[in-house]
Amino acid sequence: MPLITAADRTVPVTVQTRTTLSPADAFRLIVPIDLSLVFTGWGPFPGIRGVEDQTAAWDHAGPSRNPQFTDGTTAREMLTEYDEPSSFAYEVTGFTNVLRRLVAGVRGEWTFAPDGPGTLIRWTYEFKPLPGRSLVMRRVVGPLWRNYMTAGVVGSARAAERIHRDERARPDAEAPALLP
């Protein structure tokens, strides 16, 4: 059963950025990206130092993992949707930080839409507040979280562009050697 249903009142936060990469390349590089490269923390929110207990490759709905935050806390993340090359979604629950007192969990969704020669990347984080916590989520956490997300989505796009440049600069290991 999904964490969030049509009957739930949630607190959504959406950010976006653009990249010169195609939707297929942006998707291919961002979905499995090393989270510690792009989520370095912002304001009161810790960065991500890595993940543990990943159950399978992050390339289909179903795998789960435990993000490890730089302040020593953790959460549980499950990939719930995977629609290459246009979108993926996940749920985050089991927070051990202050969010455990504010939310039942979160549904995150990234979309990759054609944008001229590049891609518009949009990231939505939909908080499911615990009873009586909607106001603090809407007025305090949500606006602050938007800044954290903006840094993350821009960092993801720039990291994907760097990885793509590095891939193109490497000689193709599969290419046959030229004879003298």
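Are there chymotrypsin sites (Phe, Trp or Tyr not before Pro) in the range 1-61 that DSSP marks as loop and that have at most 16 other Cβ atoms within 10 Å, and which are they?
Taking the range 1-61 and a limit of 16 other Cβ atoms within 10 Å, no loop chymotrypsin sites (Phe, Trp or Tyr not before Pro) are found.
Kindly provide the helix-only [θ] at 222 nm of the chain, computed as the sum of -39,500 (n - 2.57) over DSSP H runs of four or more divided by all residues, to the nearest 500 deg cm²/dmol?
Estimated from H runs of four or more residues: -7000 deg cm²/dmol.
Hey, fewest Cβ within 10 Å first, where do M137, M78, M1 land in order?
M1, M78, M137
Please give the contour-minus-distance gain from E52 to M1: 0.36 nm per residue of separation, less the Cα-Cα distance, rounded to one decimal in nm.
Length gained, E52 through M1: 16.0 nm.
The range 150-170 to the range 78-114: how many Å between their Cα centroids?
Comparing the Cα centres of the range 150-170 and the range 78-114, I get a distance of 21 Å.
Working from the pairwise distances between different alpha carbons, so that the mean of 1/r is found and then inverted, what is the range 39-93's Kirkwood radius in Å?
Result for the range 39-93, one decimal place: 12.0 Å.
How big is the range 1-93 on each of its three principal axes, counting only the C-alpha atoms and giving the largest first in Å?
Result for the range 1-93: principal-axis Cα extents of 35, 35, 28 Å.
Could you give the length gained by full extension between R9 and N97, i.e. 0.36 nm per residue of separation minus their alpha carbon distance, to one decimal place?
That pair, R9 and N97, stretches by 29.5 nm at full extension.
In nm², what is the average projected area of the convex hull enclosing the Cα atoms of the range 11-168?
Spelled out: convex hull of the Cα atoms, projected over all directions, averaged, 8.8 nm².
Within 10 Å of each residue's Cβ, count the other Cβ atoms and sort W145, W110 from fewest upward.
Taking fewest neighbouring Cβ atoms as first place, the list is W110, W145.
Want the number for L144 to R168: 0.36 nm per residue separation, take away the alpha-carbon distance, what's left?
Using 0.36 nm per residue and subtracting the Cα-Cα distance, I get 4.9 nm.
No lab work stands behind these numbers, since they all come straight from the coordinates. For clarity, every value in this text was computed on a predicted model and none was experimentally measured. As a convention, Cβ positions derive from the backbone with ideal geometry for all residues, glycine included, and neighbour counts pool all protein chains shown.
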